[in-house]
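Visitor: Take this structure first; my questions come after.
The values are calculated or read from the model by the stated rules, or taken from the named source; none is laboratory data. The model shown is predicted, which means the values in this text are computed figures rather than measured ones. Note that each Cβ is placed from the backbone with ideal geometry, even for glycine, and that neighbours are counted across all protein chains shown. Accessible surface is based on the protein model in full, side chains and every heavy atom, while ligands, DNA and RNA are left aside. Shrake-Rupley method; radii C 1.70, N 1.55, O 1.52, S 1.80 Å.
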Amino acid sequence: MSILKVARIGHPVLRGTAKPVPKDVLRDPAFQKLVENMRETMYEYEGVGLAGPQVHESWRVAVIEVPAADDRSRDEVPFTVLVNPVVTPLVEERESGWEGCLSIPDLRGVVPRLTRIKLEALDRHGRPYSLEAEGFFARVIQHECDHLDGNVYLDRMSDMRSLTFIKEFEDHVHRDEE
Ligand SMILES: [Zn+2]
């Protein structure tokens with residue numbers, strides 16, 4: 001396995017529309033290797049999700065894994081592979097929450113996201129599944145699926161003034177919330 005190079009904002013691959021993964025690509029061992037490498041890359045950079053375009057692979061594939069938070073502020077999500085995902089809103093309500101992105105290093109910003117969604121996707125072997133997600137998991141799914149259409153969280157922020165570097169977030173924002 002290897003750690004992949006992460007594309008940073010400004011690289012055109014992050015602004016393109018990723019291609020649906022066809023069946024023959026799903027069956028190719030190279031695709032399974034890509035999924036494993038994306039998993040390793042997500043762990044290496046301590047992300048909770050990573051999309052194909054972020055590793056210069058313009059396929060509609062993303063991986064997500066959310067470790068349990070010490071303070072139980074977010075639910076644990078086991079390692080999940082999303083191939084050709086489709087997101088359907090289950091509510092109109094949006095909730096504001098902090099997001100960061102491995103392609104936009106060192107920054108955090110407040111982003112409104114739908115609080116409950118339905119996800120339909122294929123797993124890494126091409127088997128269809130669907131699930132309903134809420135809270136932080138729903139947020140991560142929306143963030144990763146945005147990458148497949150060339151969008152990043154900055155595009156979704158309703159007020160750019162919350163944008164902060166991680167150090168300043170920890171010095172000023174995180175401290176205020178405790
Ligand atoms: Zn991202």
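Visitor: Name the residues in region 49-81 that are open to solvent by less than 30 Å² (accessible area, probe 1.4 Å) and part of a strand (DSSP E or B), would you?
Guide: G49, L50, A51, V61, A62, V63, I64, V66, V77, T80, V81
Visitor: Within 13 Å of the ligand (Cβ to nearest atom), in a strand (DSSP E or B), of a type in the set (D, E, K, R) and in contact with a Lys or Arg (Cβ under 9 Å, 6 or more places away or on another chain): is that true of E132 in this structure?
Guide: No; evaluated as a whole, the condition is false for this residue.
Visitor: In addition: Considering only region 137-161, state which residues are part of a helix (DSSP H, G or I) and surrounded by fewer than 19 Cβ atoms within 10 Å (Cβ to Cβ).
Guide: Answer for region 137-161, where residues must be part of a helix (DSSP H, G or I) and surrounded by fewer than 19 Cβ atoms within 10 Å (Cβ to Cβ): L154, D155, R156, M160, R161.
Visitor: Just the residues that are loosely packed, with under 15 Cβ neighbours inside 10 Å and either outside any loop (DSSP other than H, G, I, E, B) or modelled with pLDDT of 95 or more (or both), please, taken from region 1-10.
Guide: Answer for region 1-10, where residues must be loosely packed, with under 15 Cβ neighbours inside 10 Å and either outside any loop (DSSP other than H, G, I, E, B) or modelled with pLDDT of 95 or more (or both): I3, K5, R8, I9, G10.
Visitor: Give the residues of region 18-48 that are in contact (Cβ under 8 Å) with a residue 40 or more places away in the chain, within 16 Å of the ligand (Cβ to nearest atom) and in a loop (DSSP other than H, G, I, E, B), sorted by residue number.
Guide: Once the filter is applied, which keeps residues that are in contact (Cβ under 8 Å) with a residue 40 or more places away in the chain, within 16 Å of the ligand (Cβ to nearest atom) and in a loop (DSSP other than H, G, I, E, B), region 18-48 yields A18, Y45, G47, V48.
Visitor: So T88 fits all but one of (1) away from the ligand (no atom under 12 Å from the Cβ); (2) buried (at least 16 other Cβ atoms within 10 Å of the Cβ); what number is the exception?
Guide: For T88, the exception is condition (2).
Visitor: Mind telling me which of the residues L107, L119 ends up being part of a strand (DSSP E or B), within 12 Å of the ligand (Cβ to nearest atom) and more than 22 Å from N37 (Cβ to Cβ)?
Guide: Going through L107, L119 in turn, the sole match is L107.
Visitor: Starting from region 114-131, keep only residues that are more than 29 Å from M157 (Cα to Cα), then list their pairs with residues that are of a type in the set (D, E) whose Cβ atoms are within a distance under 8 Å, requiring at least 6 positions of separation or different chains.
Guide: P128/E120; Y129/E120; Y129/D123
Visitor: OK, next. Being hydrophobic (A, V, I, L, M, F, W, C) and touching a residue at least 40 places away in the same chain (Cβ under 8 Å) is the filter here, so list the residues in region 1-17 that pass it.
Guide: Passing the criteria: I3, L4, V6, A7, I9, V13, L14.
Visitor: Checking the conditions here, which among E46, E93, E99, E134 is acidic (D, E), in contact with a helix residue (DSSP H, G or I) (Cβ under 7 Å, 6 or more places away or on another chain) and either over 20 Å from I3 (Cα atoms) or loosely packed, with under 13 Cβ neighbours inside 10 Å (or both)?
Guide: The match here is E99.
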